[in-house]
Amino acid sequence: MNINELREHLCSQYPDLCPLFSVEFGDGVLVIDADRLHEAATDLRDLGFDRLGMVTAVDTRDEFELVYRLQSRQMHAGIFVKARVPRDEPTIASVTDLWPAANWQEREVFDMFGIVFTGHPDLRRILLTDDWVGYPLRKDYQDERIIRRPDYI
Amino acid sequence: MTEETIVNIGPSHPSTHGVCRIVVTLDGEVVVKAEPIIGHLHRGIEKMAENRTYLQVVPLTDRLDYVGSMYANWAYCRAVERLAGIRVPERAEYIRVIVCELQRIASHMMGIGSTGADTGAFTAFMYAFAQRDHVVELFEALCGSRLTYNYVRPGGVSMDLPDGWVEQVRSFVAQHPAAMMELDTLLFGNVIARARLKGVGVLPADTAVAWGTSGPTARGSGVNWDLRRDDPYSVYPRFDFEVPLGENGDCYDRARIRLWECVESCKIIDQALDQLEPGPVKAEGLPRLLAPRPGDAYDHIESARGSLGVYLVSDGSPRPYRMKVRSPAFCNLSVLPLLAEGHTLSDLVVIIGSLDPVFGEVDR
Amino acid sequence: MAFVDDLGAALDKTPGGGIILTSLDAVMDWSRGKSLWMMPMGTACCAMELIAASFSRFDFDRHGSIPRPDPRHCDVMVVAGTITRKMAPAVKRLYDQMPDPKWVIAMGNCAVSGGIFYYDTYSVIRGVDEFLPVDVYIAGCPPRPESLQDAILRLREQVSTDSIAPGKSRALKSELPSSGSPRKGERDAAGGDVG
Ligand code: SF4
């Protein structure tokens, strides 16, 4: 299914998601309000996106942008779902109940960015040690153990 | 019901295939709960990438999946190419397919071999590793390194094939299927290995999909999903190959379809060598310093472990703003607690082996 | 190994030929050097070369160096791969479990200095010599299996100069360098000159 068919399919089934759909570098993107994310994710799963490929976040310096990559085996299509959460209180609903695959991936995002997923069954650090201070992939992460690489370019 | 014991396995344990720690709750010898604790090899590659130019990130991707470095190179380069709008010459695409299929063989040899070692058939490991050593030598001739190749670059590959390489690959591919048949009888025909593998660690197909597993782990459960065929990239649509599927989703199926994938890889390499035409191996007019326009791009390929994706965000500067590696081994390993439940401790070892995790990629 | 080389001549000299006189050190060093069992502390990519080294192609066992996963059987720990902050306590603990005398080989740039992960990363320890006394360093990313064999042979040379007498031995290393040895400190203060 190519991107236009996907858009039509999505618009016919869930008209309220339709205006949020855009195309970027050949991929369909849905930009959704953080508090509506779980609802939209449920719709998308019912539409046929049965695989959650990836959950990650980007620190845009003003906010955190959550990025979900969904995939559908029947439709042979992938889609991005993006939602923004404020930096000072980053909370978003967990999608672990829809796709168990989110379990570890959300833990990783929590570990690296400190974003709290409400409803997650077991939100702990996963890659770093439990007593780690700070969230390394935030752009303002400070650690005196990091040696900055001199600029050669 | 006896008293429960908690046993800690790892992080340095020969059966965890790397640096994974598993906290196992045992009832007698039966696993009640197995909790993997990962991150012992978390090297912060995603953070490091934010302070390197697009080209300088390529060597870092080598170190992700160190059993199959070419895949990470390729997935990363595809994301960069998508972001910067680079068109890759045809010959380079063919070369990429050839090296990645060879890499699949090398990687699967490690996977099958360690299954052998886990079930007590160490000889099979030796046989498999001999095949792997052939491939590694081919790669050394190609790019000068046995493990960390840094060969696939944005816009193509780093250099053309050396003289006589194609013939060497042909002779390797010619003998490989027979060696696989031998390994099949040696390992999967062995009554002990069958007893240790069959019916152990069954992963139902719907669980496999819901937990985001991919590659041989999912296909062993009969999930018919292979990006090479279902979301075709590069020149894969031009080749004729099969996707081996398992039926029961147990360790036996997971391990055994790796073997058939190697045979299919040989077919692909053969066809690719036939279709290989002379030409440039690098895109023309690439700037020294890539600075793609702002935006984000994702691309994925089918690696030996499953769908390996790279998500890149650019802010217009010559360095990636954010790089995320969607690693298949990470998702595959997350089903371990489900699989291990109810089996004995010795089966746990086999189950980890059948998932074939590489911790460079799990932990990044 | 001087002991073995002179063995024939020594037997000739002694009456009856069945007895030889040598120093206890020479016998001990000879026997230790011939069977340096390895504790393969393979964590990352270098571990692949460590495996390759002990397999049929490179056949490490012929040097008497058999990889044993149990630290209590081993004489030499081969640290092959990146050591992260999460992993370091486990490595230290395994080292402590090895019986004296013990040696450490740092295999690969990561174990030597952090290698490619020297800059910009928050979780990698820059060289295993921050917390273990290293005897042989092998450069390379990854080093070839031959380099590891070379390292074992060099280690054997070093072992052959050891003494079992208390106070004289290099091998009985009960004291570890404090984390962040002076060499490291100087290097970092100079702005870091290795990558
Ligand atoms: S030295 Fe290189 S090959 Fe060895 S572990 Fe480090 S990055 Fe990997």
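The values are calculated or read from the model by the stated rules, or taken from the named source; none is laboratory data. Owing to the predicted nature of the structure, the values given are computational and were not obtained by experimental measurement. So basically every Cβ, Gly included, is an ideal-geometry build from the backbone, and we count neighbours across all protein chains shown. Just the protein is used for accessible areas: all its heavy atoms, side chains included, with ligands, DNA and RNA removed. Shrake-Rupley method; radii C 1.70, N 1.55, O 1.52, S 1.80 Å.
Of all residues being near the ligand (Cβ under 9 Å from one of its atoms) and more than 13 Å from residue C:67 (Cα to Cα) in region C:26-48, which is surrounded by the most Cβ atoms within 10 Å (Cβ to Cβ)? Just the residue, please.
Within region C:26-48, the match that is surrounded by the most Cβ atoms within 10 Å (Cβ to Cβ) is C:46.
Please find, among B:91, B:87, B:96, the residue that is basic (Lys, Arg), more than 10 Å from chain C (Cβ to nearest Cβ) and crowded, with 23+ Cβ neighbours inside 10 Å.
B:96
Filter region C:92-111 down to the residues that are open to solvent by 10 Å² or more (accessible area, probe 1.4 Å) and more than 8 Å from the ligand (Cβ to nearest atom) and list them by number.
C:92, C:93, C:94, C:96, C:97, C:99, C:100, C:101, C:102
Can you name the condition, by its number, that residue A:93 falls short on among (1) within 25 Å of residue B:329 (Cβ to Cβ); (2) in contact with a strand residue (DSSP E or B) (Cβ under 6 Å, 6 or more places away or on another chain)?
For residue A:93, the exception is condition (1).
Can you tell me which residues in region B:233-264 are more than 25 Å from residue B:343 (Cβ to Cβ), of a type in the set (Asp, Glu) and open to solvent by 70 Å² or more (accessible area, probe 1.4 Å)?
Passing the criteria: B:240, B:242.
Quick check on region B:307-333: of everything there that is open to solvent by 10 Å² or more (accessible area, probe 1.4 Å) and part of a loop (DSSP other than H, G, I, E, B), which residue is farthest from the other protein chains (Cβ to nearest Cβ)?
Checked region B:307-333; the qualifying residue farthest from the other protein chains (Cβ to nearest Cβ) is B:316.
Output the number of the condition that residue A:71 fails; it satisfies all remaining conditions of (1) over 14 Å from the mean Cα position of the chain (by Cα); (2) within 11 Å of chain B (Cβ to nearest Cβ); (3) not aromatic (Phe, Trp, Tyr).
Every condition holds for residue A:71 apart from (1).
From (1) surrounded by 21 or more Cβ atoms within 10 Å (Cβ to Cβ); (2) within 16 Å of the ligand (Cβ to nearest atom), pick out the condition that doesn't hold for residue C:74.
Of everything listed in (1) surrounded by 21 or more Cβ atoms within 10 Å (Cβ to Cβ); (2) within 16 Å of the ligand (Cβ to nearest atom), residue C:74 misses just condition (2).
Counting residues that are buried (at least 22 other Cβ atoms within 10 Å of the Cβ), which helices (runs of 4 or more DSSP H) fully inside region A:1-114 reach at least 3?
A:102-113
Only one residue in B:261, B:242, B:277 is part of a loop (DSSP other than H, G, I, E, B), away from chain A (no Cβ under 11 Å), more than 27 Å from residue B:89 (Cβ to Cβ) and acidic (Asp, Glu), so which one is that?
From the options B:261, B:242, B:277, the qualifying one is B:242.
From the list B:103, B:56, pick out the single residue that is in contact with a helix residue (DSSP H, G or I) (Cβ under 9 Å, 6 or more places away or on another chain), within 14 Å of chain C (Cβ to nearest Cβ) and either without any contact (Cβ under 8 Å) to a residue 60 or more places away in the chain or open to solvent by 30 Å² or more (accessible area, probe 1.4 Å) (or both).
On inspection, the qualifying residue turns out to be B:56.
Inside region C:143-162, can you point out the residues that are open to solvent by 20 Å² or more (accessible area, probe 1.4 Å) and not small (Gly, Ala, Ser)?
Of everything in region C:143-162, those that are open to solvent by 20 Å² or more (accessible area, probe 1.4 Å) and not small (Gly, Ala, Ser) turn out to be C:144, C:146, C:149, C:150, C:153, C:154, C:156, C:157, C:158, C:161.
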